[in-house]
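Enquirer: One structure, as structure tokens, below. Some questions next.
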Amino acid sequence: MTLKLFGNQLFTSSGEFLKTIACPKNVDTDSLKPDGDGNYVCKMCTHKIFNTDEMSELELVNLLRRHPGACLSINLANPLFEHSQRAATKKDSDNEN
Amino acid sequence: MKIENGNKLPVVLTVYKSQHVNIYREKGHKSYVVPIRNWWILRGSELLLENRKTGELIETRGRVVRYFSRLGFITERYPIKDWKLIKKTAINPRWNRKPNRGWGAYILPLDVQKGDQVYVADLIENIRPITYRKRYADDGEGVWDGKKILIDMESYNKIRLIG
């Protein structure tokens with residue numbers, strides 16, 4: 001199962017909108033500090049950044065349903081994410097926030 | 001799975017025929033041969049299953065798949081009563097590699113110096129970055145140390161979205 005990433009918008013494999021991946025401070029990996037628990041802390045805003053490298057689709061979906069505002073670090077080479085540069089269309093999602 | 005040459009590094013060519021190596025060497029290119037190791041070990045099988053209710057298709061290594069995540073072991077089950085087997089195939093994760101004589105050769109760009117970063121578009125080595133979830137890398141970035149290319153494993157972490 002893969003999650004769909006259209007540009008920076010994340011959807012489940014069934015088309016449910018999950019989140020827009022956007023940081024107001026436009027941080028990069030240099031601004032992330034490991035928290036000792038497999039995740040990161042942002043040096044700019046001190047928010048926790050969840051590392052998705054070893055998450056399953058189910059874990060990530062459950063995380064975002066419980067905490068829609070959670071910050072994520074997504075490796076675009078991770079095959080969990082099917083990435084497309086084009087923006088999502090209404091056909092891609094029936095439940096966009 | 002490719003990271004592409006986003007950093008616009010000098011490109012290392014990969015060739016699989018001795019005539020091609022000789023042609024580049026005559027033109028002054030540095031090159032070296034890399035054996036293709038344990039090719040047969042990479043072979044595995046994959047099941048194509050169809051959900052009997054929804055018709056959803058899924059490719060999986062088996063009817064019970066377990067893998068480790070940060071939250072512990074995850075078990076995914078695809079019982080026969082719910083998932084119909086469409087096809088079982090033997091796969092080689094490097095199936096798209098060019099005809100295999102058991103070796104390949106890297107051809108360095110003419111002006112590359114020891115310590116220079118390079119981009120390898122067609123990796124000969126079987127490299128499996130942790131973020132690739134057991135898939136093999138097709139390309140990579142590395143450093144030419146004068147004798148061989150040292151692949152930079154961090155290059156597989158650089159393409160990230162944060163937010």
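The values are calculated or read from the model by the stated rules, or taken from the named source; none is laboratory data. Note that this is a predicted model, so its numbers are computed, not measured. Glycine also receives a Cβ, built like all others from the backbone with ideal geometry; neighbour counts cover every protein chain displayed.
Enquirer: What tally of residues in segment A:58-88 results from selecting those that are in contact with a Lys or Arg (Cβ under 6 Å, 6 or more places away or on another chain) and not in a strand (DSSP E or B)?
Expert: So the answer is 2.
Enquirer: Moving on to the next point. Scan segment B:1-52 residue by residue and report those that are at pLDDT 90 or above and within 14 Å of chain A (Cβ to nearest Cβ).
Expert: B:L49, B:N51
Enquirer: Just checking, does segment B:125-133 include any residue being among the charged types (D, E, K, R) and modelled with pLDDT of 85 or more?
Expert: yes
Enquirer: Got a sec? Which of B:Y136, B:Y156 is at pLDDT below 90, within 9 Å of the chain's Cα centre (by Cα) and of a type in the set (F, W, Y)?
Expert: Answer to the check: B:Y136.
Enquirer: Okay, next question. Test B:P93 against the stated conditions and say whether it is part of a loop (DSSP other than H, G, I, E, B), closer than 28 Å to A:L60 by Cβ, at pLDDT below 95 and over 19 Å from the mean Cα position of the chain (by Cα).
Expert: So B:P93 does not fit the description; no.
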